[in-house]
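Each remark here refers to the structure printed beneath this line.
The values are calculated or read from the model by the stated rules, or taken from the named source; none is laboratory data. Bear in mind the structure is a predicted one, so any value in this text is a computation, not a measurement. Using ideal geometry, Cβ is built from the backbone for each residue, glycine included, and neighbour counts are taken over all protein chains shown. Protein only, heavy atoms only, side chains kept; ligands, DNA and RNA dropped before computing areas. Shrake-Rupley method; radii C 1.70, N 1.55, O 1.52, S 1.80 Å.
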Amino acid sequence: MSNEEKRTLKAMEREREQEYLAFIEENKRIIYKVCYLYAADEEEMKDLRQEVLINLWKGYPQFKGTAQLSTWIYRVSLNTCITFCKKLRNKEESLPIESLLAVIDDNSKTEHLREMYRLIYQLNRMEKAIILMWLDERSYEEIAEVCGMPRNTIATKLRRIKEKLTKLANE
């Protein structure tokens with residue numbers, strides 16, 4: 001390989017790295033929220049985030065753009081967290097809600113968010129994934145694509161999840 005080819009290759013690698021860092025910065029809230037809902041404590045949250053970032057880095061060159069970038073990020077994040085949690089534990093601890101609220105800008109809704117995330121944490125893994133994307137205003141089609149389920153199944157599951165959350169809130 002000539003020196004010119006090596007310089008070109010290095011330039012392409014730097015460009016890829018810059019693109020990756022930019023899309024991570026733009027989507028850090030998605031990654032954080034997904035990891036938050038699956039982590040049992042602060043250390044596990046850091047481990048999950050690191051695993052997600054590694055998997056996003058590995059998969060980034062193969063991302064074809066057939067789905068929205070945010071859909072792909074959700075899919076990688078959710079799959080990574082679910083796989084990681086299956087291997088790691090079955091604990092029912094949760095992170096202090098303040099660590100999530102530090103990422104959220106609107107302080108007037110803090111108490112409602114605290115309660116909402118406390119309730120969501122009680123859901124199973126797939127329910128967390130579905131409600132999280134719905135709260136982020138993702139379409140049923142996008143949620144179905146990420147979860148690998150038909151759209152109508154997502155609609156039914158969302159209705160049941162909302163009912164479950166309502167029941168939990170009233171207990």
Mind checking which pairs have a first residue in segment 31-48 that is closer than 17 Å to I130 by Cβ and in contact (Cβ under 8 Å) with a residue 40 or more places away in the chain and a second that is open to solvent by 20 Å² or more (accessible area, probe 1.4 Å) and among the polar types (S, T, N, Q), Cβ under 8 Å, 6 or more apart or different chains? Y36/S99
Out of contact with any strand residue (DSSP E or B) (no Cβ under 6 Å at 6 or more places or on another chain), of a type in the set (S, T, N, Q) and free of Cβ contacts under 8 Å to residues at least 12 places away in the same chain: which single residue out of T71, T83 fits that description? T83
Would you tally the residues in segment 101-133 being within 27 Å of I54 (Cβ to Cβ) and either within 13 Å of the chain's Cα centre (by Cα) or modelled with pLDDT of 65 or more (or both)? 14
Subset of segment 76-87 [over 13 Å from D136 (Cβ atoms), modelled with pLDDT under 90 and either surrounded by fewer than 18 Cβ atoms within 10 Å (Cβ to Cβ) or aliphatic (A, V, I, L, M) (or both)]: N79, I82, T83, C85, K86, K87
Only residues that are among the hydrophobic types (A, V, I, L, M, F, W, C), within 24 Å of T71 (Cβ to Cβ) and open to solvent by 40 Å² or more (accessible area, probe 1.4 Å): list them for segment 11-49, please. L21, A22
Say we look at segment 145-161 and pick out the residues that are of a type outside the set (D, E), at pLDDT below 90 and assigned to a helix (DSSP H, G or I); which of these is farthest from S70 (Cα to Cα)? C147
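Residue by residue, here is whether (1) in a helix (DSSP H, G or I); (2) modelled with pLDDT of 85 or more; (3) polar (S, T, N, Q) holds:
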position	(1), (2), (3)
E19	yes, yes, no
A22	yes, yes, no
E25	yes, yes, no
A40	no, no, no
K46	yes, yes, no
R49	yes, yes, no
V52	yes, yes, no
T66	no, no, yes
W72	yes, yes, no
Which condition breaks for L95 when tested against (1) buried (at least 17 other Cβ atoms within 10 Å of the Cβ); (2) at pLDDT 80 or above? (2)
Within segment 127-146, count every residue that is in contact (Cβ under 8 Å) with a residue 40 or more places away in the chain and open to solvent by less than 70 Å² (accessible area, probe 1.4 Å). 8
